[in-house]
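Peer 1: Please see the structure below; I have some questions.
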Amino acid sequence: MRSKSKALMDKICSFVNEYYKANHQSPSINVIAKAVDVSKTTAYRYLVEMNERGILSYDGQTIETPHTDKCTTGYFSVPIVGSVRCGDPESEEENVEEYVSLPTSIFGTGEFYILRAVGDSMVDVGINENDLVLIKKQETADIGNIVVALDENNENTLKTYAGIDEESQCAILRYENKKAYPGKTIKVKKLVVQGVAKHIIKAL
């Protein structure tokens, strides 16, 4: 068997690392072959040889290098589904703008979506106009949670759930901007929770 080119091995290893960084998964043999300008058979033989030498790990499907092995965190895809009013409620339709990949090590696991904040009613809790708010889909909330709530008029809004008013038995959604909306709340007879805010993603 011909000796393998170290330069080509390095090239394959570098490509696998860059591909993993961009796509969060290992490339196929066909993708590698095209990237390093060799045949699919040659790419396969190099992967087998590199696996035997301990340069990388190749099980016939997944390729891991010392670099990718350090990236133990997984990623999940989340849709940005438009805006939510941080002020007076307004009707919104879920139109997916795009999908983004987020690491589970930072954002956790579950079913999520992202909403773009509009308005100024939540600035006291750090949510400003155009911030991206990561929402975990769930139908229940604890007092103090920031929720996306749907009232009986099918209007959604992002507010703090402040519990139940004892007198009216209505659910209370609180504004978080004492300067602009001192003491302002929304009371709904039937609170429908569409999700709970977990993270704020800001543009720097």
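The values are calculated or read from the model by the stated rules, or taken from the named source; none is laboratory data. Keep in mind it's a predicted model, so treat the numbers as computed, not measured. In case anyone asks, the SASA skips ligands and DNA or RNA and just uses the protein heavy atoms, side chains included. Shrake-Rupley method; radii C 1.70, N 1.55, O 1.52, S 1.80 Å.
Peer 1: Roll a 1.4 Å probe over the protein heavy atoms and report the accessible area of S14 in Å², nearest 10.
Peer 2: For S14, solvent-accessible area is about 70 Å².
Peer 1: Further, regarding this structure: What span do the alpha-carbon atoms of the chain cover on each of the three principal axes, reported in whole Å from largest to smallest?
Peer 2: That gives 85, 27, 26 Å along the principal axes, largest extent first.
Peer 1: Let me ask something additional. Which residue fluctuates the most in the chain, going by a Gaussian network model with Cα springs under 10 Å, if the choices are G82, G54, G110?
Peer 2: Of G82, G54, G110, the Gaussian network model singles out G54 as fluctuating most.
Peer 1: Counting only protein chains, not ligands or nucleic acids, how are R116, R53 ordered by accessible area (probe 1.4 Å), most first?
Peer 2: Numbers: R116 65, R53 130 Å².
Largest to smallest exposure gives the sequence R53, R116.
Peer 1: While we're here: Arrange the residues D142, D124 by how much accessible surface each exposes, largest first, with a 1.4 angstrom probe. Don't skip to the end; give the middle numbers.
Peer 2: On the way: D142 105, D124 85 Å².
Output order, biggest surface exposure first: D142, D124.
Peer 1: Counting each DSSP H run of 4 or more residues in the chain as -39500 (n - 2.57), what helix-only mean residue ellipticity at 222 nm follows after dividing by all residues, to the nearest 500 deg cm²/dmol? The partial results should precede the final answer.
Peer 2: Values: 5 runs with 49 residues, N = 204.
Rounded to the nearest 500, it is -7000 deg cm²/dmol.
Peer 1: Same structure, new question: Against the empirical 2.2 N^0.38 Å scaling, what ratio does the C-alpha Rg of region 146-204 come to? Write out the running numbers ahead of the final one.
Peer 2: On the way: Rg = 12.5 Å, N = 59, 2.2 N^0.38 = 10.4 Å.
Compactness ratio reported: 1.20.
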